[in-house]
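The values are calculated or read from the model by the stated rules, or taken from the named source; none is laboratory data. Computed from a prediction, not measured in an experiment: that's the story for all the values here. Cβ placement follows ideal geometry from the backbone for every residue including glycine, while neighbour counts extend to all protein chains displayed.
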Amino acid sequence: MEKIRLSKLMSEQGLCSRREADSYIERGWVLVDGKPVTELGARIDPAQRITLNRAALNQQQARVTILLNKPVGYVSGQAEDGHKPAVTLIKAESHFPGDTSTLQFHPRHLMGIAPAGRLDIDSQGLLVLTQDGRIAKQLIGEESAIEKEYLVRVQGNLVGNGLALLNHGLKLDGVALEPARVTWLNDDQLRFILREGKKRQIRRMCELVGLKVTGLKRVRIGKVKLGDLPVGQWRYLRDNETF
């Protein structure tokens, strides 16, 4: 059987990201069949057993994941065109008072934190920022199939078979979109449930069927809901929560 790069296998098995894997290997924190491997680029048989030592596990447990109700006007990632990045909202003053996590905010929780996915500048709602490569891979990795749910206000006249097309049958940039679940909530609001996230996908989908989006809010990612988290505030992902 062909040997595979150790860091690649670690990522595929959900142990950590590939970048984290290289860091752990360099520190001697990775065991293959119980023996430490310290050579970057090492290749092993996929049937061999990979484990992390206690130091690596402790470091992973210390990493935080933050749920933010991003307001309109903030960008998800790096600052651009004079707009502030969402991470600037992560501070003690905007910590949700109803957070039931036992964690207390500390500046180290901002070290290396990054958004796991994006939310357009003119959209609001649930944005995940994490220090944990495992969660980032789960949410935005190539094989991620986690649902995202949005409430979308629209105006305009839907074409005759527009709702059916929103569910399945549209293309963006010449590529067919994966099936979605789109239903009316009331006269001017739709619910979208998607498993993919192309740039401005919902707005562009609506344009193709005669609708203009006037408001968009993400309310769920996987099993984690926005709930009663106020706009501009954040909380920690709890130990008993998974996407």
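Some values worked out for this structure:
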| item | result |
| --- | --- |
| Scan of segment 204-243 for residues that are crowded, with 18+ Cβ neighbours inside 10 Å and either among the polar types (S, T, N, Q) or within 14 Å of residue 153 (Cβ to Cβ) (or both), ordered by number | 206, 211, 213, 216, 217, 218, 233 |
| Filtered residues of segment 8-44 (kept if of a type in the set (A, V, I, L, M) and in a loop (DSSP other than H, G, I, E, B)) | 15, 37, 40, 42 |
| Residues of segment 128-155 classified as closer than 21 Å to residue 205 by Cα and part of a strand (DSSP E or B), total | 8 |
| Leading residue by the ranking (surrounded by the fewest Cβ atoms within 10 Å (Cβ to Cβ)) among those in segment 9-20 that are over 18 Å from the mean Cα position of the chain (by Cα) and modelled with pLDDT under 90 | 13 |
| Selection count where residues are within 12 Å of residue 10 (Cα to Cα) and in contact with a helix residue (DSSP H, G or I) (Cβ under 7 Å, 6 or more places away or on another chain), scope segment 44-61 | 4 |
| Test: residue in segment 69-78 that is within 21 Å of residue 238 (Cβ to Cβ), assigned by TED's automatic domain parsing to the domain that holds residue 112 and touching a strand residue (DSSP E or B) at 6+ places or on another chain (Cβ under 9 Å) | yes |
| Given (1) basic (Lys, Arg); (2) within 20 Å of residue 123 (Cα to Cα); (3) more than 23 Å from the chain's Cα centre (by Cα), number of the condition residue 171 does not satisfy | (2) |
| Conditions (1) assigned to a loop (DSSP other than H, G, I, E, B); (2) over 12 Å from the mean Cα position of the chain (by Cα): number failed by residue 125 | (1) |
| Subset of segment 33-56 [surrounded by 12 or more Cβ atoms within 10 Å (Cβ to Cβ) and under 23 Å from residue 141 (Cβ atoms)] | 40, 42, 43, 44, 46, 48, 50, 51, 52, 56 |
| Residue 61, sole failed condition from (1) touching a Phe, Trp or Tyr at 6+ places or on another chain (Cβ under 6 Å); (2) within 30 Å of residue 218 (Cα to Cα) | (1) |
